[in-house]
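Just so you know, all these numbers are worked out from the coordinates, no wet-lab data involved. Note that the structure is predicted; figures quoted are calculated from it, not measured. Please note: Cβ atoms are built from the backbone with ideal geometry, for glycine as well, and neighbour counts cover all protein chains shown.
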Amino acid sequence: MSSNSNKKGAPTGFYLFWIASMVGIVLISVLFFYMGISSLQEGNTNDAILNIVMGVAGMGIAVKVAYDMAKARLAYQEEHQEIFTELYCTNCGRKMLRTFKEGDFVGKLSTDDKCPKCGSPMIIVSIFAKTPKQKAKEKAVP
Amino acid sequence: MNQELGIKLMQTNQSDWFSWIFFLIFITIMQFYASKLQAQLWINEIRKALAKLEEYTNDATKKFVEEASKYGRSKEEVESLFKRIKGFFIIQPVTLDPFGAVKRLEHLLESSRDHLNKFMVEIAPKADEWKRSNLRDQMSGVLALDMIYRIVRHYFILGRRTQNLIYIAQIQMLLPEILRIAKAYWKAGEAFRRGIPIGDSIGPMVALRLMNGAEPKEVAENIVGAEVDLEGRRAFIIKAKGPGSEVGRPGVAIERIVESRDGNVSLIIMIDAAAKLEGEPTAEVVEGIGAAIGDPGPEKLRIEEVATKYKIPLHAIAIKEDPLDAITSMREEIAKSVDEVVERVKMAIRSKTLPGDFVLIAGIGNTVGVGNTMGGAS
Ligand SMILES: [Zn+2]
């Protein structure tokens, strides 16, 4: 795929929004946590527990937001598929793999491709796309 | 400040009745607006998906127009011609009176093939047959994308206007699957544009391997065949005529060959890609009985009828793959299964026929990127 459209990223505003909200959440959580600790030192246990819980929950939310952002970022990166052409030498039986060129088809006697060993033209025996890593992982699940 | 209010609300005791009333009013309002809020969230999700679908459709259209305009017409001409065919449809025949419904469907399919082929001549007059059929199926992908976009847009507008949760929920729940299908059609355009074999091409690829360099001749509309010796049997192998995107009419071809031999055929083997279930490995080779072909009906009917008429066993070899892999560039695992399928064909022939018997082997599927002779020049 030669087009640049499949490498397009998310809009910048999208990232700015997420980063701003994450920084905000982290700041508020730290504030709560700090308030909780100081209440504890003052001996005000009720206040302390509430504030510490709020602080920890806030940090949890921040982690979740960061995770979502990373996921969205990955979703924007369309997997790039490379197409390969497999050639076979009828003279000596040597096999060769190269990237697909327009005009290739299975069964074609390609005069452009000379066997690296004996120099005779080669036959295209197969054309295929390498499986993207992410998809291969999915298939590994029993 | 908001946070302080929140803390106070949580710390309050029963005597603080003001907070309690506030809390109850809040809950009541939420009761009324929860569904509205849910609808709004889902509508937003659909809006995002719709934007993605539009992007796919526009990109596929742009690529098609660019490609088609290389063959004798300007971009503007191609664009205006393409507008004319957008929304192309086939009306299913009446099945209330089922007599001859398949014949009528066959006629409709033939007419639509004709219509599209003539349209391609008009839109790309200088393209050769190979390129023209590839362009035609690249365009079919764009038309499918356009249709998906229209349907989702319909439910989106309907849902937004009526705020009816049923409409919205229906489409929202299907969104991930719809987007997956749309992405496959978008990627399919790329395969047809460049002439790369798709997952469905595994049948013709096996057939070509079995032909083993024999010179084939055309036996039916867009179907070629050649006779070779296989395990001491006379094997007649057919496939769609490549390397352009064609499926041909294998039903007509099989019927014609069997009839020409007065039914003197010991076995019909059909090789085709089949939909795999989730969890099944890609490119698993399985065998069964019946006509392995995924056409809307007419071809399958012809094969079943002629096999029944002469009591010829129908042996099916299927290569399991995701239905979406079937329309996009062939994956490595599928391409690598050719050797195993060839082995299975030989095993079936050895166990089901005697030396000297006549066997008919059909590699079913789209032959895009797969030629007609091993070692043939274009
Ligand atoms: Zn060589």
Handout entry: Candidates per GluC sites (Glu not before Pro) in region A:29-128, loop by DSSP, up to 15 other Cβ within 10 Å
Key = A:78, A:79, A:82, A:102
Practice task
Mind giving me the nanometre distance, one decimal, between the label points for residue B:36 and residue A:57, set 7 Å out from Cα along Cα→Cβ?
Solution key: 2.6 nm
Problem - Rounded, prolate or oblate (a/c below 1.5 giving rounded, otherwise prolate when a/b exceeds b/c) for region B:93-158 by Cα gyration tensor - result: oblate
Practice task
Between residue A:64 and residue A:21, with labels modelled 7 Å along Cα→Cβ, what's the label distance in nm to one decimal, could you check?
Solution key: 1.1 nm
Handout entry: Net charge, residue B:339 excluded, C-beta distance under 14 Å - Lys, Arg +1, Asp, Glu -1
Key = 0
Handout entry: Full-extension gain in nm, residue B:86 to residue B:284, via 0.36 nm per residue minus C-alpha separation
Key = 67.5 nm
Problem - Quotient of C-alpha Rg and 2.2 N^0.38 Å, computed over region B:199-363 - result: 0.96
Exercise for the section: Rank the residues B:74, B:337 as a footprinting-exposure proxy: fewest other Cβ atoms within 10 Å of their Cβ go first. Expected result: B:74, B:337
Exercise for the section: At 0.36 nm per residue, minus the direct Cα-Cα distance, what do residue B:44 and residue B:170 gain on full extension? Give it in nm, one decimal, please. Expected result: 43.9 nm
Problem - Dipole magnitude of the protein assembly as shown about its Cα centre (Cβ charges: Lys, Arg +1; Asp, Glu -1), debye to nearest 20 - result: 720 debye
Fill in the blank from the handout: Ranked from fewest to most other Cβ atoms within 10 Å of their own Cβ, B:257, B:123, B:289, B:319 fall in the order B:289, B:257, B:123, B:319
Exercise for the section: Kindly provide the Kirkwood hydrodynamic radius of the protein assembly as shown in Å, to one decimal, from all pairs of distinct alpha carbon atoms. Expected result: 27.2 Å
Fill in the blank from the handout: For B:30, B:270, A:35, ascending order of other Cβ atoms within 10 Å (fewest first) is B:30, A:35, B:270
Handout entry: Approximate spin-label separation residue B:103-residue B:180, in nm, with each point projected 7 Å along Cα-to-Cβ
Key = 4.1 nm
Handout entry: Loop-located trypsin sites (Lys or Arg not before Pro) in region B:66-129, at most 16 other Cβ atoms within 10 Å (DSSP)
Key = B:70, B:86, B:126
Exercise for the section: Please report, in Å, the Rg and the Dmax of chain B, where both are computed over Cα atoms only. Expected result: 27.5, 100
Problem - Residues residue B:311 and residue B:150, FRET efficiency given R0 of 60 Å [Cβ-Cβ distance, rounded to 0.05] - result: 0.80
Exercise for the section: At most 16 other Cβ atoms within 10 Å and a DSSP loop assignment: could you name the chymotrypsin sites (Phe, Trp or Tyr not before Pro) in region B:16-91 that fit? Expected result: B:88, B:89
Handout entry: Sum of side-chain charges, residue A:97 neighbourhood, beta-carbon under 14 Å (Lys, Arg +1; Asp, Glu -1)
Key = +1
